[in-house]
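Since the structure comes first, as structure tokens, the remarks are kept for the end.
The values are calculated or read from the model by the stated rules, or taken from the named source; none is laboratory data. Keep in mind that what you see is a predicted model, and the values were worked out from it rather than measured. As a convention, Cβ positions derive from the backbone with ideal geometry for all residues, glycine included, and neighbour counts pool all protein chains shown.
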Amino acid sequence: MVENHHYDLGFVFGSPRVSDKTASPLHSSQAVAAVAPGHRLASRDVITPAELTEERVLMPGRNSPLRLALDRAFSNEDYAPASSMETSMLNCCCFAASGMGVGIVDRTSIIASGVDLVAIPFRPGIEVSYFAIRPSGTVRMPVLEQLIGRMRELLASRPEC
């Protein structure tokens, strides 16, 4: 919708096109395994694909940059989860909190979900990034620049879970 000039500003998760000069980075972090506090993996320092072979893995949709990187990680390590469930990042968090599996998400999604989860670094590392995007060829508006700056501040100041 932003590309078609229907909106002046959009917030997106993932990687903008390399040639896209209308994207402003807001925040980047690493993917984590999200589990309920009582889960058998909750005390681990790191989670790898090998630890997930007996787990239901809750993962974002197949066209998500995080999902594509996650699929590569499982393939490169030659491991596959016992089962998987594809859903939104927020639902991954909610389902993990209810004990339905291990969500591979980012910390921003955990905070936004408002559920009680333990976040464990996932290896190999997968970068998760958020961007503000504008339509090409538009004049920068001060109010939008202020909004982007404020969003960047909020994402940088949020507590780690």
Determine which member of the set SER136, SER157 is hydroxyl-bearing (Ser, Thr, Tyr), closer than 30 Å to ALA23 by Cβ and touching a Ser or Thr at 6+ places or on another chain (Cβ under 8 Å). SER136
Residues being crowded, with 16+ Cβ neighbours inside 10 Å and within 21 Å of GLU54 (Cβ to Cβ): count how many of those fall in the range 101-125. 11
Subset of the range 5-27 [within 27 Å of SER98 (Cα to Cα) and either assigned to a loop (DSSP other than H, G, I, E, B) or modelled with pLDDT of 90 or more (or both)]: GLY14
Restricting attention to the range 115-147, the residues that are within 28 Å of GLY103 (Cβ to Cβ) and either among the acidic types (Asp, Glu) or assigned to a helix (DSSP H, G or I) (or both) number exactly 2
Among residues of the range 49-97 being acidic (Asp, Glu) and in a loop (DSSP other than H, G, I, E, B), the residue nearest to ARG107 (Cα to Cα) is GLU55
Considering only residues that are modelled with pLDDT of 90 or more, within 30 Å of ILE133 (Cα to Cα) and surrounded by 13 or more Cβ atoms within 10 Å (Cβ to Cβ), which ones fall in the range 28-62? GLN30, ALA31, VAL32, ALA33, ALA34, LEU58, MET59, PRO60
Residue in the range 70-77 that is in contact with a helix residue (DSSP H, G or I) (Cβ under 9 Å, 6 or more places away or on another chain), surrounded by fewer than 16 Cβ atoms within 10 Å (Cβ to Cβ), of a type in the set (D, E, K, R) and under 21 Å from ILE133 (Cα atoms) present: no
